[in-house]
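The values are calculated or read from the model by the stated rules, or taken from the named source; none is laboratory data. If you're wondering where the values come from, they're calculated on a predicted model, not measured in any experiment. All Cβ positions, glycine included, derive from the backbone under ideal geometry; neighbour counts span all protein chains shown.
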Amino acid sequence: MCLNPRVNYSRFALAAAAVLSLSLSACSSVTKTVQKVTAPPENGKLYAITADSAAFFRRGPQQGREPDQKLSRDTIVKLIRPSFGYSKVQLVASGEQGYVASDEIKPASPMLIASASTARMESVHSAPSPGAEQFNLNSDDPRLVPPAEDLPDPDLPDLPAPAPGH
């Protein structure tokens with residue numbers, strides 16, 4: 001190897017390192033597109049239907065099968081399990097579980113939750129619907145009367161006390 005003793009190689013190495021670091025830093029300063037990533041939905045949170053009419057499937061969506069029911073806009077649901085296509089939810093009003101399209105739900109606003117809670121409390125205090133079963137607990141039906149308790153006859157003499165030693 002032939003090195004010239006008059007050349008200061010440390011200056012050469014320093015200059016090469018400076019050029020290299022500038023070229024690498026220029027690569028990192030290139031404008032990059034930023035993609036907004038939304039946080040995944042949290043389980044157990046209340047969500048609202050955003051579509052005018054959202055399909056609700058009790059056992060999951062299947063091709064060629066009609067939805068079990070249609071949910072109207074602002075129906076409150078509790079998110080059970082988020083997923084890419086369909087999320088598992090629970091209807092707050094009835095407790096029924098099923099699946100809705102994930103892009104048709106969004107976190108429910110506090111105002112919507114408050115209005116749904118007020119409406120739910122009013123429906124609890126109102127008369128039951130005609131299709132609901134009604135029970136009359138003040139009935140004279142013998143099937144609802146508990147059987148009589150077998151008590152000893154009060155006219156029987158008391159049993160003698162056991163003798164000591166036995």
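Looking at Ile80 and the list (1) part of a loop (DSSP other than H, G, I, E, B); (2) within 11 Å of the chain's Cα centre (by Cα), which single condition is not satisfied?
(1)
Taking the options Ala15, Ala55, Ala51, Ala26, name whichever one is modelled with pLDDT of 90 or more, small (Gly, Ala, Ser) and not in a loop (DSSP other than H, G, I, E, B).
Working: Ala15 fails: modelled with pLDDT of 90 or more; Ala51 fails: not in a loop (DSSP other than H, G, I, E, B); Ala26 fails: modelled with pLDDT of 90 or more.
The match here is Ala55.
Can you tell me which residue is surrounded by the most Cβ atoms within 10 Å (Cβ to Cβ) among those in the stretch 69-118 that are among the hydroxyl-bearing types (Ser, Thr, Tyr) and more than 13 Å from Ala48 (Cα to Cα)?
To start, the set of residues in the stretch 69-118 that are among the hydroxyl-bearing types (Ser, Thr, Tyr) comprises 72, 75, 83, 86-87, 94, 99, 102, 109, 115, 117-118.
Filter again for more than 13 Å from Ala48 (Cα to Cα), leaving 83, 86, 94, 99, 117-118.
Numbers: Ser83: 11, Tyr86: 19, Ser94: 7, Tyr99: 22, Ser117: 12, Thr118: 10.
Within the stretch 69-118, the match that is surrounded by the most Cβ atoms within 10 Å (Cβ to Cβ) is Tyr99.
Assigned to a strand (DSSP E or B), of a type in the set (S, T, N, Q) and out of contact with any Gly (no Cβ under 7 Å at 6 or more places or on another chain), is that true of Gln90?
So Gln90 passes the test.
If a residue must be at pLDDT 75 or above and not basic (Lys, Arg), how many such residues does the stretch 80-139 contain? Spell out how you get there, then give the answer.
Taking the stretch 80-139 and keeping what is at pLDDT 75 or above, we get 80-116.
Among the residues that remain, those that are also not basic (Lys, Arg) are: 80, 82-87, 89-105, 107-116.
Of the residues in that region, 34 qualify.
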